[in-house]
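The values are calculated or read from the model by the stated rules, or taken from the named source; none is laboratory data. Given the structure is predicted, the values throughout are model-derived calculations rather than measurements. Ligands, DNA and RNA are excluded from the accessible area calculation, which covers all protein heavy atoms including side chains. Shrake-Rupley method; radii C 1.70, N 1.55, O 1.52, S 1.80 Å.
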Amino acid sequence: MIEVTTVTSIHAPIERCFDIARDIDVHTRTVWKHTQERAIAGVTSGMIGPGDTVTFEAVHFGVRQTLTSRITAYDRPYLFVDQMERGAFKSMRHEHHFSVCGEQETCMRDILRFEAPLGVLGWAVERLILKRYMQAFLESRNEKLKSMLER
């Protein structure tokens, strides 16, 4: 299993950061444009909450894929966790942690754990390609969130 962690400091109130991070419309606007990501089932617009599911369709590595996740933990404004129910990975869990780290400053920490299918081949792809790809994906999205929240 691979773990990717990002930490982003945002000059905005924790409640606002938490809510924007779980907004499906914001999610689709802040991911890489070339993935053409969109929500197609479950909660497809607005804020996702405890027990809710969302199915995203996106193009990664030239292949159109779908991924369905459920919110399995929720403690506003400190934590929400989305866990893959169906998708290309063998497993995937994304923890979104929020803490106050200064006056009007929020620290947003993402911990993404995933495992590729296909045994030894998947193990190699995780380490050679997917870890860097997912790190860059999260960092790009988080910078766009930060920019949006600090405007």
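I want to verify a result. In a Gaussian network model of the chain, Cα cutoff 10 Å, which of these has the top mean-square fluctuation: 90, 33, 131? Among 90, 33, 131, the largest mean-square fluctuation in the Gaussian network model of the chain belongs to 33. Straight Cα distances below 17 angstrom link residue 33 to the lysines 144, with same-chain residues fewer than 8 positions distant left out. Only helices enter this figure: runs of n ≥ 4 DSSP H residues, each worth -39500 (n - 2.57), summed and divided by the residues of the chain, yield -8500 deg cm²/dmol at 222 nm to the nearest 500. Distance distribution P(r), the chain, all Cα-Cα pairs, bin width 10 angstrom from 0: 11, 41, 37, 10, 1 percent. For residue 131, the aspartates and glutamates whose Cα falls under 20 Å of its own Cα, not counting residues fewer than eight places away in the same chain, are 3, 37, 82, 95, 110, 115, 139, 143. Highest mobility in the GNM of the chain, judged by mean-square fluctuation with C-alpha springs under 10 Å and restricted to 118, 130, 138, is found for 118.
Only protein atoms count toward the accessible area here, which uses a 1.4 Å probe; on the chain, the carbon and sulfur part of that area reaches 55 percent.
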